[in-house]
Each structure stands twice: as C-alpha cells, then as structure tokens.
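Asker: My questions will all concern the structure given below.
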Amino acid sequence: MTRLITIEDLYQMKFLSRPRISPDGQQVAYVVTRIDERKHEYRSAIWLSSIDGSAARSFSAESGHTSDPAWSPDGRWLAFVSDREGEIPDKEAKNRGKGKPQIWLMPTDGGEARQLTFMEHGASSPVWSPDSKRLLISAAVGSSPEETEDGKPLPQARVIDRLWYRLDGVGYIYERRSHLFLQDINGSKPEQLTDGDWDNGEAAWSPDGTQIAFTSNHADDRWRLPGADVYTLTIADGKAGSLRRLTDESLACGSPSWSPDGKTIAFLASYKLKSAGHTFLYSIAANAENQAATNLSLKFDGSCMDWTNSDIGDEHLMPAPVWSADGTALYIIASYHGASRIYVIPSQGADAEPATLTPGDVHVRDFSVDAAKSTFALLIGDATRPQEIFVRSASSSAEVHRITGANDELFNELSLVAPEYITYKGADGWDIDGWVLKPDNFDASKKYPLIVEIHGGPQTQYGYGFFHEMQLLVAQGYVVLYTNPRGSCGYGYDFALAVQGAWGEKDSIDIMNGVDLLLQRGYIDEKRLGVTGGSYGGFMTNWLIGHYDRFKVAITDRCVSNMATMFGASDVGWDLADDNLDTTPWEDLDKYMHMSPLRYVANMHTPLLILHSEQDLRCNIEQAEQLFAALKYMGREVLFVRFEGQSHGLSRGGHPRLRLERLRHIKTWFEKYLEV
C-alpha cells in the first residue's frame, strides 16, 4: 500500500554524492548525507561498498560536513574532508583551523582516521600524487582571524577595491585567495606551491608526477571578468618549479585532465564573453604556451557539465574528463534535452550525437573510473528517484547496475508520478521540450488546476531531475508543467544564447505556448492557472503576471525585478553589461528597465507570494523588497516571506527547517487560490 509524498518526507531522504571507485575497481566510496530531525542539521559520512553492492558499511564517523573521498593510487589510503575535531598535535596548532573543514587520512583496511591538515581557513580538494606519498590540496590564505575583545569579535572596516568581492553561498571574499599546497602524508607542514592575487585550483597530476595542471586567472581584468586559464607547474623535490600558461585568455576553463601519455590536457570551458552557460570539451598540448585550444564538442548540442535541475542538491558539477586507457576517447557528463548522461567523445572530436554509457531519461550527477579505465562508478537519479550509486564497465555492451538502495525503504512507500514528455512549437516555430506531471488516478474527463514551474539560469535545464517540490504539488491534485524555453542549456550554443538582451520576450511565448497546448487537450481549468519559479524563474514569473492576466495565483522565489539595481546589488551583477545587455544602466537605463518586471508592476493584479533569502548575494533581497513595496503601495494582494541567514540555494540545500517552512508557504498559497 503506497501513500502520497509529504513535506516532512524531506527529512527521511538520504542524499548520496561523490562516488569514488577504488584503483582496483572492487570498491566504491561515497558520501551519504541525512538530516538530523531533532537538531534540524545535515549530517554526513563516507560509506564503502563492494561493486556488487554487498558489504556496504559506514567508513567514517558522521560530522556536519564530510566530503571528497579520494583513494590513494596504491589503494592503501582514503583521504577525505571533514569538519570534525581531531587530536591536536602541538600547542601551535591548537586553535589553527578549528571547526573548519580539514583533510583527514584513513587506512582502507581499517584503523583510525587522523587529521592531516590544520589550515587556518580550512582545506579541500585532496588529489593524490601518482606515488601515493603526497596530496595536492586547496586552501585559502590571507585575512587573519577577526579581532576580539574579551572573547567577542569586534566590528571590522573592510576596504574594497575590486568588483568581485563576494560570492553567493560563500560570503565576502575580501583579501582571501585560494592556493595550492603539497601535503606529505606523514603530516609535516604543507608546502605552498602557488601565490599571488588570484585564485588557483582544480589541480591534476601528470602521469609521471613531475607536473601539475591547474586553473587560474592572472589577467588584469580578473576581478571583472572571471574566467580561468589552464596552467602547468613543474614539481621537483616537493617544490614548485617553472610555470606555464597553456591557453590564450579567451576561455573560462576548468577541470583539466592529463592524457595517459602526458602529452595532452583535456579540459572543459565556456567562452569568456557571451558564454550563454554552454560548456565545451577542449584539448591542448601539454607543452603549449598561450595557444588556442581545440574544441572537441563543437558539433554536439549538449553542454559538457551537469545542468539538470533538482531540489535535492545545490551543485551543478563539472567533473574532469576521463581519458580512455588508450587515449582515443574521453568520458564526460553532458546535459542534453533534459537529461544528463555520460558521453563518449573521440579525442579527435565528436559528431553531432556521440555515444553514451548511460542511455535513457536519467540525471547523472557525478562519476569516477578505476585505474584501468574499465569500471565506472556513477551517481544516477531520475524524475522519480534521488541519486543512488551505480556501476558499469567501459564495454559498449555492458549494462548499468545499481549497488545502493539508501532511499528504497522510503520510496517504496511513496506513490510518485513519472513525467510525460511533450514537444511543441514556441516563438518563431522553434521546437520546445516540456514535461507534464499528472495526479495519481488522473481522469482526462475532469478539469484540473495547473501550476507552471519555470527554471532558473536561464542557462540550466529541466528534465529528469528529481523534484520533491513538484511531486508534492502533484500529490495535492495539481497538474504541473515544466519546460525548457529558449535560453536553456542542452540544446546547443545558439539556443542558449537566444535570450541575450531579450529576457522575457520570446522565452515567455515559449512557456505560454506550452500552457495553451495543455488547455487544448481539455483537462486543464483555464480559470485555475498558477505559476512559480526561482531566480530567472522568479524573473519570468514576475514578467508573466506583468504581461498576462491569465494566472489566478503566482509565487516568485529569489527573484529578479529590477535589472538596473541588479547591476550593483548582485555578486556578479555587472555581468549584465558584459554578457547580456551590452550596456550599463547609466548609458541606457531604458534598456535595463525594459527588461525589468518592475516597469510593468502596475499591470500586476495576480495575487503574489514573494519568497526570498536574506543572505542571497546572487539576487539580492532588495529585488524582492522593491517588488513588495510597489505592490503593497498599490493595495495589491501580496505576501512577503523572508528567510533569515539563507543564501540563493535555500530550496535545494538551505537550512532544513526553513526548507520545510518554504514548502508549507507554497502549499498554503496555492491552496488558497486554486481550490483543489
């Protein structure tokens, strides 16, 4: 006997991440995160399982933050990141990095974990040297601890001299820079390899252990135009040697990966300007210097990272490409037409539709491969199940096998709805993808209320990601429609770029044509239409109710309402001038306001619930405040809910209690006006 999903079921879910297969291909390490229902806190630990799914066991103790398991090449050690407290080796280290995530080391055949780093601001991203004796790690440097008096922090005066000084979900960066360190596993003091007024990260060892590749932006405009280049650095006797920049500053690069022979580096990148969020696969000679890289995925419409939306994790991952053993192919995650899959890209370049290791309507979020490049560990979910761990061999005839069932007990109880795929014509006759969720025991002869969900970005995609929120709405008796209008990823660079300087114009028609299609099918009550979305989806919600009177109710979440003030209030707001509107607010205020829902606020008569996090640095809460003030001043039906201490990603990774509270407000607001 199954039951409908509830808001509180969020607390019963397990969230799996970071599948890391052992070098011999026999075990998989992964992170399991759960919510402590009593304390309303996330708790995570590393688990181990054999590749047949047997003997799954907890490997590390739970902590508030445990992540990034990394096997040593010889299989003897597992490094990981944790914020739990360990033994203090000396008085000097007593308060150094206390409470911060640090690198830990644990023997894989059993024994106690030991804390390896005591970095002041914490450490992350452990990467093993080929000889299993050292780890590359990333750590922030600069900016001493806050001044205190009688144990209480004193207020600080901050001097800002650059555009980019804060980042949503991270906070205020100020003088801190991320650099690379070399840590011996014996626990000696780490050796700093990089320095300078820039961030360095995403390090990868060359096969012979004499060099590392990493990404960094040394350009003069780095604090205005984020976008790293690929560098190599020689390592000799544990010290940094010669530095070389391979790429030519035209790309925003990430995730470098060495070929088996060490002669070529593959990486993922988007254009530094007019990127449209579309990520390509590139390669470049490891001895290149300031050269243009070769685009290997130019003919493929997929975007080479996971852009599929879900509300059970706040990450869009871009795992490094994995080379085949013979160097003739690369394995990548790419987002394509609503799915994220593992694709096989020939090292000489892909055709329009490359082969995939994970066919079907799936959401692959992360993966790893063993030393022989013969067995993959995969993190796969779909629209009715959160991610679990799967394995498969590299053989073209192999099948994918699930080895974990962390959520089986809960999800076997639930009656969930698989989406119905639809395609239709948007503005200018463009093909648009959409999906429909229908209530249990759906009867096409009845009339149902419709809720339209609009994704953020705009350069992300809806499709086969799991949404607790959408399944909850369907369980209440609503039909839910979600679409990928122009501007979405997964349909090629030109499709993603199509909303540049034109938010709200043809993309709104793409969405409304999907609504009209469902109305033509006869099972939607045209007098009971609701709309909601977050970020760009919040912008579009505001735009639609300012241009149409067809919706009976709306909910706008972490929204954009005023493009002109977004320029200075968002952590990356000036990007509107460089990458979208091609001008500044003081040069062409009319253009900014034409794209701003606030200009059309007098036309908004739809009852509106505004949801916004107070620490949202991407879409600052002043965006919500302006909209609320205008509507309230005019006496319109509007309610404003503010979430203390939360950032832009509240709905998918914020404080558990406030995630529940947000869903309760959504449920209540729609019930009030749509009369299920």
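Asker: Give the stretch 654-673 a look and list any residue that's aromatic (Phe, Trp, Tyr) and within 15 Å of residue 7 (Cα to Cα), or say none.
Answerer: Scanning the stretch 654-673 gives 669, 670.
Asker: Provide a single number: the residues in the stretch 51-88 that are free of Cβ contacts under 8 Å to residues at least 60 places away in the same chain and either part of a loop (DSSP other than H, G, I, E, B) or of a type outside the set (A, V, I, L, M, F, W, C) (or both).
Answerer: Count: 25.
Asker: Of the conditions (1) modelled with pLDDT under 95; (2) under 14 Å from residue 231 (Cβ atoms), residue 274 satisfies every one except a single condition; which number is it?
Answerer: (2)
Asker: Next question. Does residue 541 satisfy the condition of being modelled with pLDDT of 95 or more, of a type in the set (Ser, Thr, Tyr) and either at positive phi or in contact with a Ser or Thr (Cβ under 6 Å, 6 or more places away or on another chain) (or both)?
Answerer: Yes, satisfied.
Asker: Is it fair to say residue 516 is more than 21 Å from the chain's Cα centre (by Cα), at pLDDT 95 or above and closer than 21 Å to residue 335 by Cβ?
Answerer: no
Asker: Considering only residues that are more than 24 Å from the chain's Cα centre (by Cα) and part of a loop (DSSP other than H, G, I, E, B), look in the stretch 568-590 and name the one that is surrounded by the fewest Cβ atoms within 10 Å (Cβ to Cβ).
Answerer: That would be 586.
Asker: To continue, here is another question. Name the residues in the stretch 304-322 that are in contact with a Leu (Cβ under 6 Å, 6 or more places away or on another chain) and either β-branched (Val, Ile, Thr) or buried (at least 24 other Cβ atoms within 10 Å of the Cβ) (or both), would you?
Answerer: Hits for the stretch 304-322 are 304, 306, 321.
Asker: Considering 275, 297, 270, which residue is crowded, with 18+ Cβ neighbours inside 10 Å, outside any loop (DSSP other than H, G, I, E, B) and not acidic (Asp, Glu)?
Answerer: Just a single option satisfies the conditions, and that option is 270.
Asker: Within the stretch 463-516, count every residue that is aliphatic (A, V, I, L, M) and part of a loop (DSSP other than H, G, I, E, B).
Answerer: Qualifying residue count, the stretch 463-516: 3.
Asker: Of the conditions (1) touching a Leu at 6+ places or on another chain (Cβ under 6 Å); (2) of a type in the set (S, T, N, Q); (3) under 29 Å from residue 330 (Cα atoms), residue 183 clears all except one; give me its number.
Answerer: All conditions pass for residue 183, except number (3).
Asker: Restricting attention to the stretch 409-452, and to residues there that are more than 21 Å from residue 529 (Cβ to Cβ) and of a type in the set (Phe, Trp, Tyr), which single residue is surrounded by the fewest Cβ atoms within 10 Å (Cβ to Cβ)?
Answerer: Checked the stretch 409-452; the qualifying residue surrounded by the fewest Cβ atoms within 10 Å (Cβ to Cβ) is 421.
Asker: Report whether or not residue 404 is part of a loop (DSSP other than H, G, I, E, B), surrounded by 21 or more Cβ atoms within 10 Å (Cβ to Cβ) and modelled with pLDDT of 95 or more.
Answerer: When the stated conditions are applied, residue 404 passes them.
Asker: Suppose we filter the stretch 123-156 for residues that are modelled with pLDDT of 95 or more, in a loop (DSSP other than H, G, I, E, B) and in contact with a strand residue (DSSP E or B) (Cβ under 9 Å, 6 or more places away or on another chain); how many remain?
Answerer: Matching residues across the stretch 123-156 total 4.
Asker: Looking only at the stretch 522-567, filter to residues that are among the charged types (D, E, K, R), in contact (Cβ under 8 Å) with a residue 40 or more places away in the chain and surrounded by fewer than 22 Cβ atoms within 10 Å (Cβ to Cβ); which one of those is farthest from residue 588 (Cα to Cα)?
Answerer: Only one residue tops the list, namely 525.
Asker: State which residue pairs qualify: first residue touching a residue at least 60 places away in the same chain (Cβ under 8 Å) and inside the stretch 165-178, second residue in a strand (DSSP E or B) in any location, beta carbons under 9 Å apart, and separation of 6 or more residues or different chains.
Answerer: Going by the 9 Å Cβ cut-off, the qualifying pairs are 166/172.
Asker: In addition: Identify all residues within the stretch 526-544 that are among the hydrophobic types (A, V, I, L, M, F, W, C) and either assigned to a strand (DSSP E or B) or farther than 16 Å from residue 631 by Cβ (or both); write none if there are none.
Answerer: Across the stretch 526-544, the qualifying residues are 529, 531, 540.
Asker: Hey, can you tell me all the residues within the stretch 545-567 that are touching a Leu at 6+ places or on another chain (Cβ under 8 Å) and either in a loop (DSSP other than H, G, I, E, B) or closer than 22 Å to residue 165 by Cα (or both)?
Answerer: Within the stretch 545-567, 550, 551, 552, 558, 559, 561, 562, 563, 564, 566, 567 meet the criteria.
Asker: Restricting attention to the stretch 338-355, and to residues there that are part of a strand (DSSP E or B) and over 14 Å from residue 303 (Cα atoms), which single residue is farthest from the chain's Cα centre (by Cα)?
Answerer: Filtering the stretch 338-355 for residues that are part of a strand (DSSP E or B) and over 14 Å from residue 303 (Cα atoms), the one farthest from the chain's Cα centre (by Cα) comes out as 346.
The values are calculated or read from the model by the stated rules, or taken from the named source; none is laboratory data. None of the values given here were measured: they were computed from a predicted structure. Methodologically, a virtual Cβ is constructed for each residue, glycine included, from the backbone with ideal geometry; neighbour enumeration extends over all protein chains shown.
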